[in-house]
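Below is one structure; the comments refer to it alone.
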């Protein structure tokens, strides 16, 4: 059976979007239906309102679904003096494997001082960092990523959504060539035909990770663009699981 690991999911309600079936049990049922082995998630309340409460929700979900759900600990840059303590607290709990930052929701630039403690902690602990990445948003667009990577070249950053709408994905190959520790997840609501083939042809086959952004997007739609892309089965397996296994040291 083909191994599939989803590196981008969310737990709980979110005021700005309708996202039904958002409980941990709902997510696991959908994983089962799609044959997805693991999902790494953060809770919506963690980056939308109360990050400590939200991280606790993640911890509970991960505990109840050991081996299926894994967690990103979320930092709020507006409380940067609490980041170290919160990260140490969460990472003593089982199942946390990375960090999630959302500059758009926090209304705070990725390269701002408030995120520095989280980035430094991630480097010290060798934790991948998933960020909301959107070319048209200066808080988490290409310029902010470039500045962060120049300051923290050892950072293992996962850029979500292929940069967002339209043709943003076409800038990813040069970004990857400049910063080869970058990774990119597949979660994108508008995916031009041939996007996976283009990125593989441009040399990103070892940096692409299957991510669904469930329950905002259905995992089937995101899985389909990998499964039905015109790439070799060897590369397909890299995207669906092998790259994630290496990145998260599984």
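No value in this document is a laboratory result; all are computed from the given coordinates. Owing to the predicted nature of the structure, the values given are computational and were not obtained by experimental measurement.
Values computed for the structure shown
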item	result
Distance between region 186-218 and region 29-44 - C-alpha centres, whole angstrom	17
Overall form of region 100-180 per C-alpha gyration tensor (a/c, 1.5; a/b vs b/c)	oblate
Relative contact order (%) - criterion: Cα under 8 Å, at least six apart; region: the chain	19
Gaussian network model of the chain, springs between alpha carbon atoms under 10 Å - residue of 12, 112, 224 with greatest fluctuation	224
Gaussian network model of the chain, springs between alpha carbon atoms under 10 Å - residue of 161, 132, 65 with greatest fluctuation	65
Residue-averaged [θ]222 nm for the chain, counting only DSSP H segments that reach four residues, each worth -39500 (n - 2.57)	-10000 deg cm²/dmol
Fraction of alpha-carbon pairs over 31 Å apart in the chain - percent	15
Most fluctuating residue given options 199, 130, 41, as computed from a GNM of the chain linking Cα atoms under 10 Å	199
Largest-first ellipsoid semi-axes for region 1-133, taking √(5λ) over the Cα gyration tensor eigenvalues, angstrom	24, 16, 13
Rounded, prolate or oblate (a/c below 1.5 giving rounded, otherwise prolate when a/b exceeds b/c) for region 107-250 by Cα gyration tensor	prolate
Relative contact order, percent, region 142-196 [alpha-carbon distance under 8 Å, six or more residues apart]	41
